[in-house]
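Data first, discussion second: the structure below is written as structure tokens.
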Amino acid sequence: MKNILVTGGMGFIGSHTVIALIEAGFNVIILDNLCNSEITTLKQIEKISGHYPEFYFANLMHKASIEAVFMQQEIHGVIHFAALKAVGESVDKPLSYYQNNLVGTLNLCQVMQEFNVFNLVFSSSATVYGDKNPIPYKEDMPLSATSPYGQSKVMIEQMLQDLHLSEPRWNISLLRYFNPIGAHSSGLLGENPKGIPNNLMPYIAQVATGQRQALGIFGNDYNTPDGTGIRDYIHVMDLANGHLKALAQLASQNSANQTNRNKTSVEAYNLGAGHGYSVLEVVKAFENATGVHIPFKKLARRAGDIAAFYADTHKANKVLDWQVERGLTQMCSDTWRWQLNLSKRANS
Ligand code: NAD
Ligand code: UD1
């Protein structure tokens, strides 16, 4: 499996995974409509990897644009990141989220089937565990969702299960990401949310540069040791490596399939660190890693948040032979190096 199509490869997780793929010797073809990313990311990828990946400016809503890519390229496998991902926005615009995430995936799978490409790695999310399961979350727990965004991931997982039942050549990894943060260690690539950040680490980084006055901590009366929410943070480059491991697993199932039928599968894997940190612990870690003070104020709980969740990672550790290598300190220092570069670029 040499030629990999990466949908959403210009985005936060996709671009870091593109670096990991290039470094591992894959030919990468990116498809993205830039609705939440910048064309300049291609140059950053080239600076880091020495390779300018092939890029198609295309929208998954248009099936013919996907077909055009498959006609021009011999594709062996697909990593499908492209989606809309803002939970709050999905509550306000459910139709846009269902349309983009579901129809985009439908179109992609139809084209893959037309061109006999059956290897797929799908970006799912810890959000599919809903708010009723006990922690740590395990892959075989029942799925549910508390937002249209989350529901779109639950529905796509179901659709991919049905697809494999109908055609056993489909070979699919459902990667359930926990909380990806951090940036490439070069400081050249990272997360650059548009507008006011919704998520914790990008907000802290903007407080650190003085773009925002203080972090608002959503809730300090949770049933956790310090009263603030606990999440399973994972460095984006560890997450990127998880995709390489998932591709390797699909490839080994394909070769096993040639001698012994029905080796292909749809398997879900949790990609997280396997333990959680509270909001206050993340703030402290950022201050210690960077030497920058982060003022904060305590606010009411954010609607829809739960007290704590983290992953049971045994399946990914064992089956994919994958583990995280980077800790919270590196997540903070890499974020800070990237944020400083971003601010420099904005001021020049
Ligand atoms: P991102 O917004 O940075 O990247 C998504 C990319 O997909 C963007 O470059 C966007 O332009 C592109 N895109 C969206 N719709 C498209 C379409 N119709 N056609 C072509 N391109 C399209 O998001 P990310 O943080 O890199 O997330 C990647 C994937 O991982 C998403 O599927 C997301 O739901 C999932 N995920 C993300 C997180 C997280 O915290 N970042 C957590 C769990 C799961
Ligand atoms: C978010 C998404 C979730 C996705 C997950 C993975 C929302 C509501 N949920 O969840 O679907 O799977 O990312 O990336 O966006 N916090 C503050 N102040 C802030 C921002 C956050 O105190 O300004 C707290 C939150 O209450 C939470 C923790 O920090 O306790 C992490 O928040 P966030 O980064 O938004 O991630 P999730 O809530 O886990």
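The values are calculated or read from the model by the stated rules, or taken from the named source; none is laboratory data. Remember, it's a predicted structure, so these values are computed and weren't measured experimentally. In this analysis, Cβ positions are derived from the backbone assuming ideal geometry, glycine residues included, and neighbour counts consider all displayed protein chains. Remember, those area values only see protein heavy atoms, side chains included, never the ligands or the DNA or RNA. Shrake-Rupley method; radii C 1.70, N 1.55, O 1.52, S 1.80 Å.
Quick notes
- Reachable aspartates and glutamates, given that their alpha-carbon falls under 14 Å from the alpha-carbon of Lys63 and they are not under 8 places away in the same chain: Asp32, Glu114
- Over 27 Å (Cα to Cα) - which of Lys85/Lys245; Lys194/Lys298; Lys47/Lys315; Lys47/Lys194 fall in this group: Lys47/Lys315
- Carbon + sulfur, % of accessible area of segment 53-101 - ligands and nucleic acids excluded, 1.4 Å: 55
- Note on Ala256 and Tyr52: the extension gain reaches 70.1 nm, defined as 0.36 nm multiplied by sequence separation minus the Cα-Cα distance.
- Annotation: aspartates and glutamates with alpha-carbon distance below 14 angstrom to Lys93 (same-chain offsets under eight excluded): none found.
- Rounded to the nearest whole Hz, the Karplus-based 3J(HN,Hα) values (6.51 cos²θ - 1.76 cosθ + 1.60, θ = phi - 60°) of segment 287-300 follow the sequence 4, 5, 6, 10, x, 9, 6, 10, x, 9, 10, 8, 10, 5, with x at glycine and proline.
- The chain, relative contact order in percent, only Cα pairs under 8 angstrom and at least six apart counted: 19
- Base-10 log of normalised Debye intensity for the chain (one unit scatterer per alpha-carbon) at q = 0.10, 0.11, 0.12 Å⁻¹: -0.59, -0.72, -0.86
- Among beta bridges identified by DSSP and lying wholly in the chain, the antiparallel ones come to about 5 percent.
- Nearest-ten-degree value, helix 148-166 long axis tilted from longest Cα axis of the chain: 20
- Computed from the alpha carbon atoms alone, the convex hull of segment 216-293 holds 124 Å³ per residue.
- Taking the helices alone, the chain has a mean residue ellipticity at 222 nm of -12500 deg cm²/dmol, built from -39,500 (n - 2.57) per DSSP H run of at least 4 residues and averaged over all its residues.
- Segment 99-116 and segment 45-70: distance between their alpha carbon centers, rounded to Å: 16
- On Cα atoms only, tilt of 104-114 relative to the major axis of the chain in degrees: 20
- When Rg and the Kirkwood radius Rh are both evaluated on Cα atoms of segment 290-331, their ratio Rg/Rh stands at 1.14.
- The base-10 log of I(q)/I(0) for segment 79-237, evaluated at q = 0.09, 0.14 Å⁻¹, reads -0.37, -0.87 [Debye formula, identical scatterers on Cα atoms, solvent excluded].
- If R0 is 35 Å, the Cβ-Cβ spacing of Ser185 and Gln113 corresponds to a FRET efficiency of close to 0.35.
- Seen against the Cα atoms of the chain and their longest principal axis, helix 63-72 is set at about 70 degrees.
- At R0 = 35 Å, FRET efficiency that the Cβ-Cβ distance of Leu165 and Ile39 yields, to 0.05: 0.35
- Solvent-accessible surface of the chain, averaged per residue with a 1.4 angstrom probe and all protein chains in place: 44 square angstrom.
- Gyration tensor (alpha-carbon) shape descriptor, segment 92-158, a/c threshold 1.5: oblate
- Residues of type aspartates and glutamates that Lys344 reaches as a straight line, Cα spacing below 19 Å, ignoring anything fewer than 8 places off in the same chain: Glu38, Glu191, Asp334
- Remark on Tyr56: its backbone amide H falls under 5 Å from those of Ile30, Leu31, Asp32, a criterion applied only to residues 5 or more positions apart or on other chains, H modelled at 1.01 Å from N.
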